[in-house]
1. Go through the stretch 37-63 and count every residue that is under 14 Å from the mean Cα position of the chain (by Cα), hydrophobic (A, V, I, L, M, F, W, C) and open to solvent by less than 100 Å² (accessible area, probe 1.4 Å).
2. Among the candidates Leu60, Leu42, Leu25, Leu96, which residue alone is out of contact with any strand residue (DSSP E or B) (no Cβ under 7 Å at 6 or more places or on another chain), at negative phi and modelled with pLDDT under 95?
3. Could you identify the single residue in Leu85, Leu12, Leu18, Leu6 that is without any contact (Cβ under 8 Å) to a residue 24 or more places away in the chain, open to solvent by less than 100 Å² (accessible area, probe 1.4 Å), part of a helix (DSSP H, G or I) and of a type in the set (A, V, I, L, M, F, W, C)?
4. For the condition in a helix (DSSP H, G or I) and either among the β-branched types (Val, Ile, Thr) or within 31 Å of the chain's Cα centre (by Cα) (or both), what is the one hit in Lys34, Lys28, Lys94?
Amino acid sequence: LQRKHLLQRKHLLQRKHLLQRKHLLQRKHLLQRKHLLQRKHLLQRKHLLQRKHLLQRKHLLQRKHLLQRKHLLQRKHLLQRKHLLQRKHLLQRKHLLQRKH
């Protein structure tokens, strides 16, 4: 009888240890999963932020190029106007000189 009790106790203890180990492992897996998920979310957030920054940069560059283009065009128009005025003045001078002669 005593031996039977000892065996039963041994089995109970073994079972208890197995269960404890199982629970520990489950907990470990849960934690690992939690960490993986956190890491995944962090990475997603990082990527979103990177994408946002890239887009902002792209927009800034586009705006810069548009402004440069606008300035170039303004400059071109100013130059054209200057040339037209110069030409006009030259012609006027020419006419004046012709009239004098």
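The values are calculated or read from the model by the stated rules, or taken from the named source; none is laboratory data. Because the structure is predicted, anything quoted here is derived from the model rather than measured. Because the Cβ atoms are built from the backbone with ideal geometry, glycine has one as well, and the counts that use them run over all protein chains shown. Surface areas here come from the heavy atoms of the whole protein model, side chains and all, with no ligands, DNA or RNA. Shrake-Rupley method; radii C 1.70, N 1.55, O 1.52, S 1.80 Å.
1. Within the stretch 37-63, residues that are under 14 Å from the mean Cα position of the chain (by Cα), hydrophobic (A, V, I, L, M, F, W, C) and open to solvent by less than 100 Å² (accessible area, probe 1.4 Å) number 3.
2. Going through Leu60, Leu42, Leu25, Leu96 in turn, the sole match is Leu96.
3. After applying the criteria, what remains is Leu85.
4. Within the list Lys34, Lys28, Lys94, the selection yields Lys34.
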